[in-house]
Amino acid sequence: MEGGPKITLLLLFFFSFASLFPALSTPATLQLQTHSLVLRPLSSPPTLASWPESEAEAESTAFSSESETSSSSSSSTTTTTLSMDLQHIDALSLNLTPQALFHLRLQRDASRAQSLSELAVAAAAASPGNHTGRPRMGFSSSVVSGLSQGSGEYFTRLGVGTPPRYVYMVLDTGSDVVWIQCAPCRRCYSQTDPVFDPSKSKSFAAIPCSSPLCRRLDSPGCNPRRRCQYQVSYGDGSFTLGEFSTETLTFRRTRVGRVALGCGHDNEGLFIGAAGLLGLGRGRLSFPAQAGRRFNNKFSYCLVDRSASSRPSSVIFGDSALSRPARFTPLLKNPKLDTFYYVELIGMSVGGTRVPGITASLFKLDPAGNGGVIVDSGTSVTRLTRPAYVALRDAFRTGASNLKRGPDYSLFDTCYDLSGKTQVKVPTVALHFRGADVSLPASNYLIPVDDKGTFCFAFAATMSGLSIIGNIQQQGFRVVFDLAGSRVGFSPRGCA
């Protein structure tokens, strides 16, 4: 066995080399990346903030005519920045427990997600000549979700008319229209402030039927006085109708004149206590489209967790909307529907590892307007096409196998019993957009659903082809809509 010593030396050399470079001798094991989640119960209903504006202040303030800029004026080159605080609609809800409010939020959310999906399907099925693809139900049926169905998640206070009358208005990126309840009311739902009376405003102007603005409506009407009529119809049978008009809106001390809005005299449905809606969609009748020149075609918002009561949510118009570094992804255009903000989602990660099976093909927006992914302020829970959701959910369950499972809750099928604990480790979750990787804080995807310590994975499946990035996943990010650059950005820790 004269070869014995040589073999022994070769074996010793091999094991010595392997001990120095273990990664070459054993299969690599990727370590699960985790976040620490501090467990907080469902928050109490937020209190209604004291807003800096009041009708008394507004009426006592002399506004010069030079301070007002037309929303449609092309001669104005001055860029204005304005910032407004936002509040969650729960602040207008009285005498409800946190769990009851959360249950209502999920009910609104389910209706809204379904309505947005139905709108996208109807748009894709529309004839090629109708580029917006909206069903012929009246003016801006892109608001099919409606205040009654969950577009009313965040609101602000702004002035309407001259002198300005301050009212609560819902802000919604899934809607284009601006509208408000108006006196005289044939039918009006209950709102927190007095109903706006256009006869007491010096700046209110009806739009004639012959106006190009009137022809922008999907199905404009004309009353006997030759004034343009609008109607918004909702998926649940609710509606608002009245005169299509122009009016001055006041944001703190910044006035924007001749904003086209619906002045609703007949409004019926399960609406909230806000006076109307400020559409922030991408269509040509939305507020960003109308006032785009004044604000350099930029706006952003930051939505805080409702339990973080010390910091308000906010919306900013103008160049200051991009004041923080953000990760940007291009906006996509749906040739059949111009309201929504479509982005390209190409994958997702759990625990630092790409989830197999979640590819860009699951979220593709095709030339006919089918599929795609939108960023939406009015939907709470992110909806993913079912194959993508199942793959994400299963990867999360595997990474969180050390946590005690709890019963399903409402639309959530992955819940955990974390009672008695104050903090847990959970796998990281990241969204991979084209050109932008967005890592979510743990509180944006594992959320409390009751006061017993039940937390659920805050994603859901949709049988529709439309996926929606909801506001729970957006919390804490400043979401930047750079319409001039045709891109959307996400800035972490952007609410400070």
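State whether one or more residues within region 231-240 are closer than 25 Å to residue 292 by Cα and part of a loop (DSSP other than H, G, I, E, B).
As a first pass, look at region 231-240 and keep what is closer than 25 Å to residue 292 by Cα: 231-232.
With the extra rule that they be part of a loop (DSSP other than H, G, I, E, B), the set shrinks to none.
No, every residue in region 231-240 fails to be closer than 25 Å to residue 292 by Cα and part of a loop (DSSP other than H, G, I, E, B).
Yes or no, residue by residue, for (1) under 19 Å from residue 158 (Cβ atoms); (2) in contact with a Pro (Cβ under 6 Å, 6 or more places away or on another chain); (3) aromatic (Phe, Trp, Tyr); (4) touching a residue at least 60 places away in the same chain (Cβ under 8 Å):
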| residue | (1), (2), (3), (4) |
| --- | --- |
| 178 | yes, no, no, yes |
| 182 | yes, yes, no, yes |
| 193 | yes, no, no, yes |
| 212 | no, no, no, no |
| 217 | no, no, no, yes |
| 232 | no, no, no, yes |
| 260 | yes, no, no, yes |
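Within region 168-192, the set of residues being open to solvent by 20 Å² or more (accessible area, probe 1.4 Å) and part of a loop (DSSP other than H, G, I, E, B) comprises 183, 184, 185, 186, 188, 189, 190, 191, 192. If the condition is being more than 17 Å from residue 109 (Cβ to Cβ) and not in a strand (DSSP E or B), then region 451-461 contributes 451, 452, 453.
For region 448-475, the candidate set comprises residues that are of a type in the set (A, V, I, L, M) and open to solvent by 10 Å² or more (accessible area, probe 1.4 Å); within that set, the residue that is farthest from residue 379 (Cα to Cα) is 463.
The set of residues from region 409-427 being without any contact (Cβ under 8 Å) to a residue 60 or more places away in the chain, open to solvent by 10 Å² or more (accessible area, probe 1.4 Å) and farther than 16 Å from residue 451 by Cα comprises just one member, 413.
Under the condition of being without any contact (Cβ under 8 Å) to a residue 24 or more places away in the chain and of a type in the set (Asp, Glu), which residue from region 357-407 is most open to solvent (accessible area, probe 1.4 Å)? So the residue we want is 394. Of the residues making up region 199-215, just one is outside any loop (DSSP other than H, G, I, E, B), under 30 Å from residue 300 (Cα atoms) and modelled with pLDDT of 95 or more, namely 205.
Of everything in region 83-96 that's at pLDDT below 85 and not in a helix (DSSP H, G or I), which residue is surrounded by the most Cβ atoms within 10 Å (Cβ to Cβ)?
It comes out as 88.
Return yes or no: is residue 300 on the phi < 0 side of the Ramachandran plot, outside any loop (DSSP other than H, G, I, E, B), touching an Asp or Glu at 6+ places or on another chain (Cβ under 6 Å) and touching a residue at least 60 places away in the same chain (Cβ under 8 Å)? So residue 300 fails the test. Within region 436-458, restricting attention to residues that are among the acidic types (Asp, Glu) and touching a strand residue (DSSP E or B) at 6+ places or on another chain (Cβ under 8 Å), the residue that is farthest from residue 491 (Cα to Cα) is 450. The condition of being under 14 Å from residue 342 (Cα atoms) and open to solvent by 10 Å² or more (accessible area, probe 1.4 Å) holds for only one of 487, 493, that being 487. Could you list, in sequence order, all residues of region 394-445 that are of a type outside the set (Lys, Arg), assigned to a strand (DSSP E or B) and more than 22 Å from residue 356 (Cβ to Cβ)? Correct list: 406, 409, 412, 415, 416, 417, 423, 424. If you go through region 371-392 and keep only what is over 20 Å from the mean Cα position of the chain (by Cα) and over 15 Å from residue 440 (Cβ atoms), you end up with 386, 387, 388, 390, 391. Could you tell me whether any residue of region 143-159 is open to solvent by less than 10 Å² (accessible area, probe 1.4 Å), at pLDDT 55 or above, within 20 Å of residue 315 (Cβ to Cβ) and among the polar types (S, T, N, Q)? Yes, region 143-159 contains a residue that is open to solvent by less than 10 Å² (accessible area, probe 1.4 Å), at pLDDT 55 or above, within 20 Å of residue 315 (Cβ to Cβ) and among the polar types (S, T, N, Q).
Answer with yes or no whether residue 261 is at pLDDT 95 or above, at negative phi and either open to solvent by 10 Å² or more (accessible area, probe 1.4 Å) or within 23 Å of the chain's Cα centre (by Cα) (or both). Judged against the criteria, residue 261 is a match.
Going by what's in this entry, would residue 476 be described as touching a residue at least 60 places away in the same chain (Cβ under 8 Å) and closer than 19 Å to residue 34 by Cβ? Walk me through how you get there before you give the answer.
Working: touching a residue at least 60 places away in the same chain (Cβ under 8 Å): yes; closer than 19 Å to residue 34 by Cβ: yes.
Criteria met by residue 476.
The values are calculated or read from the model by the stated rules, or taken from the named source; none is laboratory data. Just so you know, these numbers come straight off a predicted model, no measurement behind them. Cβ atoms come from the backbone with ideal geometry, glycine included; neighbour counts cover every protein chain shown. Remember, those area values only see protein heavy atoms, side chains included, never the ligands or the DNA or RNA. Shrake-Rupley method; radii C 1.70, N 1.55, O 1.52, S 1.80 Å.
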